[in-house]
Amino acid sequence: MQEQKKANRILAIECAVENGSLALIEGGFVLASTSSEVGLAPSRAEELIPAVDLILRKGNLSLKEIDLIAVSTGPGSYSGIRIGIATAIGLKHSLNVNCIGVPLLEAMALAIGSSDEIMSAVPVGKHDIAFQSFRRNAGDNLESASIPSAASEQDFLSELRSFGRSKLTAPPSLLERLRARTADEVELVDAGPALAETIGLAAVMSHFDSSSLEPLYVRNQVARPTGF
């Protein structure tokens, strides 16, 4: 994959998980994010552009000063993924700037830093969890140890136990659900309430480019009982 030229000011969009989030990254640091905004839901199409306007005001920037748009390609909510990517592409064309897609689970693993084994997880729908495991190779580069998958919470916990001693990174709401049910050998790492920050920082440090805008949809392949 072609290496992405590092941009100075990045607008990061994450609409795939829960209410979504936005972040402004400047020079590799978080300039502003929507994590503290009560009632703000960028994952809704009608609220995303107003949310973009709000975060630009918080960061004292205009759209014309944005050098790059980084958008989460999922996994997560199917509609949220589509809303985020479609909006990012629209802004790309209107601003004539580059736009890259960043796989969310990989970005979360990258944020952990030095660790031999990492599993990233996010909630999908009301009952399922999307997850993927990663490891550091001999060159200290992150590589996939599994494909992105989705499972019920119970099946996910079984998968996590079989993964062995590792780190699990997930949003705060999911960690709260899992904390009492994970084994002691699993180190829980809070991914933070604004996953857009993770998307934007991953865009600075890694290899994503405009060819990576394909949405990543994962679905639990195990049929649920009727009425679940």
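One table, with the values for the structure above:
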quantity	calculated
Residue match in the stretch 149-158 (condition: within 21 Å of VAL17 (Cα to Cα), exposed (fewer than 12 other Cβ atoms within 10 Å of the Cβ) and of a type in the set (A, V, I, L, M))	no
Among (1) under 15 Å from the mean Cα position of the chain (by Cα); (2) closer than 13 Å to GLY200 by Cβ; (3) in a helix (DSSP H, G or I) - the single one ILE55 does not satisfy	(1)
Residue in the stretch 67-81 that is farther than 30 Å from PHE131 by Cβ, part of a loop (DSSP other than H, G, I, E, B) and acidic (Asp, Glu) present	yes
Residue list for the stretch 128-161, filter: within 15 Å of LEU216 (Cα to Cα) and touching a Lys or Arg at 6+ places or on another chain (Cβ under 8 Å)	ALA150
Tally, over the stretch 143-158, of residues that are in contact (Cβ under 8 Å) with a residue 24 or more places away in the chain, farther than 15 Å from LEU174 by Cβ and within 16 Å of the chain's Cα centre (by Cα)	3
Condition met for LEU104 (at pLDDT 95 or above, touching a Gly at 6+ places or on another chain (Cβ under 8 Å) and under 15 Å from LEU201 (Cβ atoms))	yes
Subset of the stretch 199-216 (residues that are surrounded by fewer than 17 Cβ atoms within 10 Å (Cβ to Cβ), at pLDDT 80 or above and more than 13 Å from VAL71 (Cβ to Cβ))	MET205
Scope the stretch 182-194; condition surrounded by fewer than 13 Cβ atoms within 10 Å (Cβ to Cβ) and at pLDDT below 90; matching residues	ALA183, ASP184, GLU185
Residue selected from the stretch 175-199 under the condition charged (D, E, K, R) and not in a helix (DSSP H, G or I), by the criterion nearest to GLU106 (Cα to Cα)	ASP190
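The values are calculated or read from the model by the stated rules, or taken from the named source; none is laboratory data. Note that the structure is predicted; figures quoted are calculated from it, not measured. Neighbour counts are summed over all protein chains in view; Cβ atoms, including those assigned to glycine, are modelled from backbone coordinates with ideal geometry.
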